[in-house]
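Below is one structure, written out as structure tokens; the observations come after it.
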Amino acid sequence: MNILLGVGGGIAAYKSAELARLLIQRGHAVQVAMTASAQEFVRPLTFAALTGRKVITGLFSSSNPEATLSSAIEHIGVAQENDLLVVAPATADLLAKFAHGLADDFLTTTYLAFTGPVVLAPAMNTNMWLHAATQSNLETLRRRGHRIVDPGDGELACGMVGPGRLAEPEQIAAAVDAEIGRRHDLDGETVLITAGPTQEPLDPVRYISNRSSGKMGYALAEAAAARGAKVVLISGPVHLPPPRGCTFIAVHTAREMRDKVFENLQPASVIVKAAAVADFHLSKVPAQKMKKTAARLSLELDPTPDILAELGRKKGDRLLVGFAAETENLQQETRRKLEAKNCDMVVGNLVGGEDGAFESDENEVLLALSNGEFIPVPRASKREVADRIFDEILKLRLHLYSRQ
């Protein structure tokens, strides 16, 4: 595999030389790109000797013509030639630029042009690491699906003791191995995912809905696409851009979602029903807006289609994953839903409190499996939770294949 190793400025840059050696030992071709600050700590010749390749030191370099790229668009070629980007050390400055799309040197410009997996190993002063701005930038990068190799605790070059030390090269290399292994583990699978709420009209201007933001479903779509699956995402109305690499279908009502699910069911091998579908709809929607009066208003509501139950009856050899948003008795309710809907897994989460899943960027879930096992997934970004869910889906899929 071709790996682009980005080296940021910091005393920990010396560890990147060992990381380059470890990656080469694993059979990878390593191209190194250094920021200007990194070159103050380690000379480019060190990496050139280790990798046998020219070290990229900038978009332009009047003082060192040999290091100058032959074209101002060379970063596009480098981004296309490499399969994975690892940045170690990733300074607070680099994390901020990556998070906000700033591009003022070769490494940050290449990052914007790069579409493959990204592994970031931060290193910085403890206070910088703990600062709210840095933590916010890290959360943004995690949501994009980047793997973060958290720094270790210990004595830092500045004399402080605490988190901020660059992870050991072996840890970073192991994270690269894990990311490479994960990238294609859903090759050949077609994953059908539903996300967001539905809106059931009460009249031409009002509707019944819920607080679902769609973030969990969209994180699942991003994770599945990143791992090689063909993804069909059917989404209710949300304020999120459609994930890259997915076939996107927008719907509003439960009936529309049900119809689109079954229109796209045939090629699907895995179905993940993360949408928070409204349970009821108005039996007869008036053609005109209902006027407000002082009198009490009663509405006659009918159940919406139970999409998950219908899928449970018709899934065949597909793997079916449902979601359960509960306010109490989470384990009991996820088990009940698993059995009632004939699912292979149900992802349960508690909603309604301050730390509820709706509208949050994080989630904490309980996975109920058809073999009777419960697997708690601790609180993390929804993208990290999505990957954890697919880790278990793959185990279930392998078990189903072994029985066929």
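The values are calculated or read from the model by the stated rules, or taken from the named source; none is laboratory data. Everything numeric in this text was worked out from a predicted model, so none of it was measured. Every residue, glycine as well, gets a Cβ built from its backbone with ideal geometry; the counts of neighbours run over all protein chains shown.
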Legend entry - Residue within segment 354-370 that is under 20 Å from ARG258 (Cβ atoms) and assigned to a loop (DSSP other than H, G, I, E, B) present: no
Inset, instruction - Could you tell me whether any residue of segment 253-266 is at pLDDT below 95 and either aromatic (Phe, Trp, Tyr) or closer than 28 Å to THR140 by Cα (or both)? - result: no
Inset, instruction - Please work out if ALA225 is in contact with a Cys (Cβ under 7 Å, 6 or more places away or on another chain), closer than 30 Å to GLU179 by Cβ and surrounded by fewer than 24 Cβ atoms within 10 Å (Cβ to Cβ). - result: yes
Inset, instruction - Mind listing whichever residues of segment 100-143 are more than 22 Å from the chain's Cα centre (by Cα), in contact (Cβ under 8 Å) with a residue 60 or more places away in the chain and in a helix (DSSP H, G or I)? - result: PHE106, LEU107
Inset, instruction - Considering every residue within segment 331-346, establish whether at least one is outside any helix (DSSP H, G or I) and in contact (Cβ under 8 Å) with a residue 40 or more places away in the chain. - result: yes
Inset, instruction - Would you be able to say whether some residue in segment 196-215 is surrounded by 21 or more Cβ atoms within 10 Å (Cβ to Cβ) and among the aliphatic types (A, V, I, L, M)? - result: no
Legend entry - From GLU326, GLU333, GLU373, residue being within 19 Å of ILE393 (Cβ to Cβ), assigned by TED's automatic domain parsing to the domain that holds ALA219 and charged (D, E, K, R): GLU373
Legend entry - Hey, ASN342 modelled with pLDDT of 95 or more, more than 23 Å from SER212 (Cα to Cα) and in the same structural domain as ASP306 (by TED's automatic domain parsing) or not: yes
Inset, instruction - Run ASN342 past the list (1) touching a Leu at 6+ places or on another chain (Cβ under 9 Å); (2) on the phi < 0 side of the Ramachandran plot and report the number of the one that doesn't hold. - result: (2)
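For every residue, the table says whether it meets (1) crowded, with 16+ Cβ neighbours inside 10 Å; (2) without any contact (Cβ under 8 Å) to a residue 12 or more places away in the chain; (3) over 15 Å from LEU166 (Cα atoms).
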site: LEU4; (1), (2), (3): yes, no, yes
site: GLY9; (1), (2), (3): yes, no, no
site: TYR14; (1), (2), (3): no, no, no
site: ARG26; (1), (2), (3): no, no, yes
site: GLN31; (1), (2), (3): yes, no, yes
site: VAL42; (1), (2), (3): yes, no, yes
site: THR51; (1), (2), (3): yes, no, yes
Legend entry - One residue from ILE375, ILE307 being among the aliphatic types (A, V, I, L, M), within 21 Å of the chain's Cα centre (by Cα) and at pLDDT 90 or above: ILE375
Inset, instruction - Considering only segment 162-253, give the strands (runs of 3 or more DSSP E) lying wholly within it that have at least 3 residues that are without any contact (Cβ under 8 Å) to a residue 60 or more places away in the chain. - result: 230-235, 246-250
Inset, instruction - Out of ALA287, ALA309, report the one residue that is outside the structural domain of GLU392 (by TED's automatic domain parsing) and surrounded by fewer than 19 Cβ atoms within 10 Å (Cβ to Cβ). - result: ALA287
Inset, instruction - For segment 10-43, name all the residues that are assigned to a helix (DSSP H, G or I), in contact with a Ser or Thr (Cβ under 7 Å, 6 or more places away or on another chain) and within 17 Å of ALA121 (Cα to Cα). - result: ALA17, ALA20
